[in-house]
Every structure is written in C-alpha cells, then in structure tokens.
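Peer 1: There's a structure below that I have some questions on.
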Amino acid sequence: MPTGRRDFIRTAASGAALLGLPAFPALPAVPRQDPRIPLDPGFAPLVRLLEETSRDTLIEEVAARIRNGLGYKELLGALMLAAVRNVQPRPSVGFKFHAVLVVNSVHLASLSSPERDRWLPLLWAVDHFKGSQADEKQKGGWTMKPVDESAVPPPHKARKAFIEALDAWDETAADAAAAGLARGAGAHETFELLARYGARDFRSIGHKAIFTANGWRTLECMGWAHAEPVLRSLARAFTAHEGQNPANGDAPADR
C-alpha cells in the first residue's frame, strides 16, 4: 500500500531515531549561487544508489550515508536526477510524475521543519520516487536514454533550435535542443524560454507550469551543472499531447 506524506511523517519521527539519523542543524536560507558550480564529483554513485537499490532497503542505505556525512544538497540533487531519469512525464505530467514535481516542495518542507525532523520530508520523497519508478517499470520500463549527440545544436544555435522544436511540438528535436541549451545558454536566458512554454497550454491541468517552476527552483539549489537531464525532461513534458499535433490545430487546451 502506498505511504502517504502524513503517515510517513507520523511514523518517521521515531524511525529517524532508530536509524540513528543526526539532528539536522538549522538550515540557512539557500543563497543564490553561481548556477554553474558543480556538486561533488562523487555525485553519480549516489544517483545510481537511488536508482538501483530496492525500495525495501533504500531508506536504511541513505540513512547510513547521512550518518557518514552525506550532505542535504547532494541528496536533494541526486533525488531530482534519479527521478527525471527514471520517471517520464507521460502519458500526462502528473500521477507517477509527482515523484519529480514534489522535490522542491519537500525541500521547502525541510527548510520549515523542526531541527530534528529536517531529513524526513526528503526521505519520504526518496521512498515516493521508488514507488513511481516501480510504476514506470510496470508500464513499459522507460528510462531516459543518452541524447543523440549528432543532433545536439551548437551553443549559438541552441535557443533557435529549442524554439523551433517546441513550436512544432517535435519531441525528438526538442530533446536534442534542450541538451544544447543546457550546455551553452545562461540559466536566466533558459528560464525565460521555459516559462514561455511551460504556460503555453493547459494540458495536464497546469502541471507543465508546475514542473517548470519547481524544476527551476530545484536547479537553483542543486546547481546548473546538472541541468541537462532536467531540461530534457521538461522538453518531453512540453511536447506531451494526445491526438493531432497541436501545431496544426486549435484545441481548447491551447487557447
């Protein structure tokens, strides 16, 4: 049976003590940083840990790493990357995809929690991700594949390619253009484009805009160096539709 947020928090307070989690020191407000500062070079193994460890044992594995000095920012970033790499915004930008959408929300919950409980929202989100990952596997096993490098536009052409691909609702071209944008464009220039396309239609009852806002806010915390998979996931969300290509129609969701 899925674990709800309230049930998890009610039971996890005692569980945190059993797991030996350290009290989370008071968290300062997350400052604005150079968005290109990378996380620790050992970041990739943590992403793989979240992706490959079974749901039954993952919380204990993460708790052990917290006891050994794993940082909050590293776990937050690893969770976001694991989620966008293993859960797709299809058939809609919702349902199982809430594993991605909630990451910034649990970050805010952590910042607002009592000192002793500040790991708990993030641990809940880790567990929730594993549920969505299992759902994705059951429905076909989608994972984010490496981008087609031959199609990635050079930095000076990435913005134009991204706009053209999204205006045409061309998922394949948008995927490659998103990678080019992440590699060559500035963070704020990119957000201007994301905001435009995140709000252009009302499919998935506004969840494209939610993903845009929460994805951006999470990247501000985890660092722009890891933006590429997030932008590729956003491009996939922006091109989600059913039936006729919206570029050739006038559907109510586009008005």
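The values are calculated or read from the model by the stated rules, or taken from the named source; none is laboratory data. In this text the structure is predicted, and so the values were computed from the model without any measurement. Ideal geometry is used to build each Cβ from the backbone, glycine not excepted, and the neighbour counts take in all protein chains shown.
Peer 1: Hey, could you check region 49-84 for residues that are crowded, with 16+ Cβ neighbours inside 10 Å and of a type in the set (Gly, Ala, Ser) and say which is farthest from Ala227 (Cα to Cα)?
Peer 2: So, considering only residues that are crowded, with 16+ Cβ neighbours inside 10 Å and of a type in the set (Gly, Ala, Ser), the one farthest from Ala227 (Cα to Cα) is Ala63.
Peer 1: What number of residues in region 141-163 are under 22 Å from Ala195 (Cα atoms) and surrounded by fewer than 11 Cβ atoms within 10 Å (Cβ to Cβ)?
Peer 2: Going through region 141-163 one residue at a time, the tally reaches 1.
Peer 1: For the list (1) more than 19 Å from the chain's Cα centre (by Cα); (2) touching a residue at least 40 places away in the same chain (Cβ under 8 Å); (3) not in a loop (DSSP other than H, G, I, E, B), I need the number of the one condition that His241 fails.
Peer 2: Status for His241: all satisfied but (3).
Peer 1: Does Ala174 fit the bill of being within 13 Å of Arg236 (Cα to Cα) and not polar (S, T, N, Q)?
Peer 2: Taking the combined requirement at face value, the residue satisfies it.
Peer 1: Still on this structure, please answer the following. Please go through region 80-112 and give me each residue that is over 18 Å from Ala235 (Cα atoms) and among the charged types (D, E, K, R), ordered by number.
Peer 2: Across region 80-112, there are no qualifying residues.
Peer 1: Could I ask something else about it? If only one of Gly243, Gly186, Gly206, Gly249 is modelled with pLDDT under 95, within 22 Å of Val106 (Cβ to Cβ) and not aromatic (Phe, Trp, Tyr), which one is it?
Peer 2: Gly206
Peer 1: Name the residues in region 85-112 that are surrounded by 22 or more Cβ atoms within 10 Å (Cβ to Cβ) and either among the aromatic types (Phe, Trp, Tyr) or touching a strand residue (DSSP E or B) at 6+ places or on another chain (Cβ under 8 Å) (or both), would you?
Peer 2: Answer for region 85-112, where residues must be surrounded by 22 or more Cβ atoms within 10 Å (Cβ to Cβ) and either among the aromatic types (Phe, Trp, Tyr) or touching a strand residue (DSSP E or B) at 6+ places or on another chain (Cβ under 8 Å) (or both): just Phe97.
Peer 1: Here's something else I'd like to know. When both residues are 6+ apart or on different chains and their Cβ atoms are under 9 Å apart, which pairs have a first residue that lies in region 164-176 and is in the same structural domain as Arg232 (by TED's automatic domain parsing) and at pLDDT 95 or above, and a second that is among the charged types (D, E, K, R) and outside any helix (DSSP H, G or I)?
Peer 2: That search, which allows pairs on different chains as well, returns Glu164/Asp170; Leu166/Arg200; Thr172/Asp148; Asp175/Asp148; Ala176/Asp148.
Peer 1: Here is a follow-up. Could you list, in sequence order, the residues of region 116-148 that are farther than 24 Å from Arg65 by Cβ and acidic (Asp, Glu)?
Peer 2: Residues satisfying the conditions are Asp135, Glu136, Asp148.
Peer 1: Is there any pair linking a residue in region 89-115 that is acidic (Asp, Glu) to one that is buried (at least 19 other Cβ atoms within 10 Å of the Cβ), with Cβ under 8 Å and at least six apart or on different chains, and which?
Peer 2: Glu115/Phe24
Peer 1: With (1) without any contact (Cβ under 8 Å) to a residue 60 or more places away in the chain; (2) under 16 Å from the mean Cα position of the chain (by Cα); (3) assigned by TED's automatic domain parsing to the domain that holds Leu234 as the list, and Gly206 as the residue in question, which single condition is left unmet?
Peer 2: With respect to (1) without any contact (Cβ under 8 Å) to a residue 60 or more places away in the chain; (2) under 16 Å from the mean Cα position of the chain (by Cα); (3) assigned by TED's automatic domain parsing to the domain that holds Leu234, Gly206 is out only on (2).
Peer 1: Oh, and also: In region 64-95, what count of residues is obtained for those that are within 20 Å of Leu49 (Cα to Cα) and either in the same structural domain as Gly223 (by TED's automatic domain parsing) or part of a helix (DSSP H, G or I) (or both)?
Peer 2: Count: 19.
Peer 1: Only one of these is crowded, with 22+ Cβ neighbours inside 10 Å, closer than 30 Å to Gln244 by Cβ and not β-branched (Val, Ile, Thr): Ala178, Ala173. Name it.
Peer 2: Ala178 is the lone residue from the list that is crowded, with 22+ Cβ neighbours inside 10 Å, closer than 30 Å to Gln244 by Cβ and not β-branched (Val, Ile, Thr).
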